[in-house]
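Reading through the structure tokens given below for one structure.
The values are calculated or read from the model by the stated rules, or taken from the named source; none is laboratory data. Worth saying up front: this structure is predicted, and the values here are computed from it rather than measured. For neighbour counting, all protein chains shown are included, and Cβ atoms are generated from backbone atoms with ideal geometry for every residue, glycine included. Surface areas here come from the heavy atoms of the whole protein model, side chains and all, with no ligands, DNA or RNA. Shrake-Rupley method; radii C 1.70, N 1.55, O 1.52, S 1.80 Å.
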Amino acid sequence: MSLFQRIKASFRARFPRRYAWPGMDINLPGGQHLHLVGSIHMGTRDMSPLPPPLLKLLRKADALVVEADISGSESPFADLDLPPPLSERLNDTQRVELERVADELGLSISMLETQPLWQIAMVLQATQAQRLGLRGEYGVDYQLLNAARARNLPIIELEGAQSQVALLRQLPEDGLPLLDDTLTHWHTNARLLQVMVSWWLDTPPTNGKPELPATFSQSLYDVLMNERNLAWRHTLHALPAGNYVVAVGALHLYGEGNLPSLLM
């Protein structure tokens, strides 16, 4: 790196550019210039189209980097084994709480009977987001993927949908900790979704550690956040030199063990 480049990098580190969305620029030693975007996988109608300055950054990028390419029609949940009945997987208290939330969302318990517990948690979370007015077609990463494909821009996956499902299938007790946390923090998760939407519609966080409500136990946070951030750091450092827009879940950019702090 030349003296001018070192001075420029030092200036950017001390005076980072502010964006109207959850985003930040990070330059890696290997010449990788990253624009990190805090994505929300489901968004509101007001979040579409994406901000023109963000799309301008995408046009200048050599590739779009995402957790997984979700623009296809194939389901990553195909060929899952049929689990035992819920009565064998949940105690009475857990079953009553699941029935209460399912009834609130208009979901059939008989439909949930055939799903692993981690998938039930995902269904509950997605349905809750829909009830709050969020839709997949307005999700930030989905819109970025469509914009990238329209420009024939290469798309790089940090994990891929199958790897994400494999991670969920490795959770203990059929994913009971994830379902437990989903039910325990049900109303807190709704507030967190609204906070993240406000980062796109109003004002993004001004520091790397905004006060956020806890919706995961520490053991789940380690698996779903910390360990993945560490793996992504390795992948991003291994990219060829160039300009990249990197869209990951917004919570990966903030809080304990966040991805930007690992890259800096």
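A few notes on this one:
- Against the test of being touching a Ser or Thr at 6+ places or on another chain (Cβ under 6 Å), touching a residue at least 24 places away in the same chain (Cβ under 8 Å) and of a type outside the set (Val, Ile, Thr), the options LEU105, LEU98, LEU80 yield a single qualifying residue, LEU105.
- Selection status of LEU224, modelled with pLDDT of 95 or more, farther than 22 Å from ASN27 by Cα and either touching a Phe, Trp or Tyr at 6+ places or on another chain (Cβ under 6 Å) or in a helix (DSSP H, G or I) (or both): yes
- Selection count, segment 196-226, where residues are open to solvent by 30 Å² or more (accessible area, probe 1.4 Å), closer than 19 Å to GLY257 by Cβ and among the hydrophobic types (A, V, I, L, M, F, W, C): 4
- The residue that is surrounded by the most Cβ atoms within 10 Å (Cβ to Cβ), counting only those in segment 135-192 that are within 18 Å of the chain's Cα centre (by Cα) and of a type in the set (Asp, Glu), is ASP141.
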